[in-house]
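Please treat every number below as a calculation from the coordinates, not as lab data. Only a predicted model underlies this, so the values are computations on that prediction, with no experimental measurement involved. In this analysis, Cβ positions are derived from the backbone assuming ideal geometry, glycine residues included, and neighbour counts consider all displayed protein chains.
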Amino acid sequence: SNKKLFYVSILTSPTTGGVTASFGMLGDIIIAEPNAYIAFAGKRVIEQKLNKTIPEGSQAAEYLFHKGLFNPIVPRNPLKGVLSELVQLHGFFPLNQNSIK
């Protein structure tokens, strides 16, 4: 964005249609949950448009991760800790809260 803000996008299941096409894939860091269904269009629509069969599971987080569409796959339980570390890494919070004056 023009404001140069740090943007983390989290893709859960399902993430489809306009969400996928717009802000879902625009993050500086894009995190997906395991086994999340992530697609712009359904498998049948894609196959009809391309006139070919797409691989089974091609809209699963793990498949898309291996194709380089996003960064880590993180289960929901450790997500808070991962987000905290990312924000600290990008300099938005001091690692030591005592350093705030």
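Counting only DSSP beta bridges with both residues in the chain, the antiparallel share comes to about 10 percent. Length gained on full extension, Arg76 to Asp28: 15.3 nm, using 0.36 nm per residue less the C-alpha separation. The listed peptides 60-66, 23-29, 78-84, ordered by packing as a protection proxy, come out as 60-66, 23-29, 78-84 (highest mean of other Cβ atoms within 10 Å first). Between Ala41 and Ser84, the modelled label-to-label distance comes to 4.3 nm, taking each label 7 Å out from Cα in the direction of the beta carbon. Label-to-label distance for Val19 and Gln48 is 2.3 nm, based on points extended 7 Å past Cα in the beta-carbon direction. A Cβ-based charge dipole, computed about the Cα centre of the chain with Lys and Arg at +1 and Asp and Glu at -1, lands at about 240 debye. Per-residue ellipticity at 222 nm, computed for the chain from helices alone with -39500 (n - 2.57) per DSSP H run of at least four residues, works out to -7500 deg cm²/dmol.
Counting every alpha-carbon pair across the stretch 8-74, the share separated by more than 16 Å comes to 42%.
So for the stretch 8-74, averaging the separation of alpha carbon pairs under 8 Å that are six or more residues apart and normalising by length, what relative contact order in percent results? Computed over the stretch 8-74, the figure is 35 percent.
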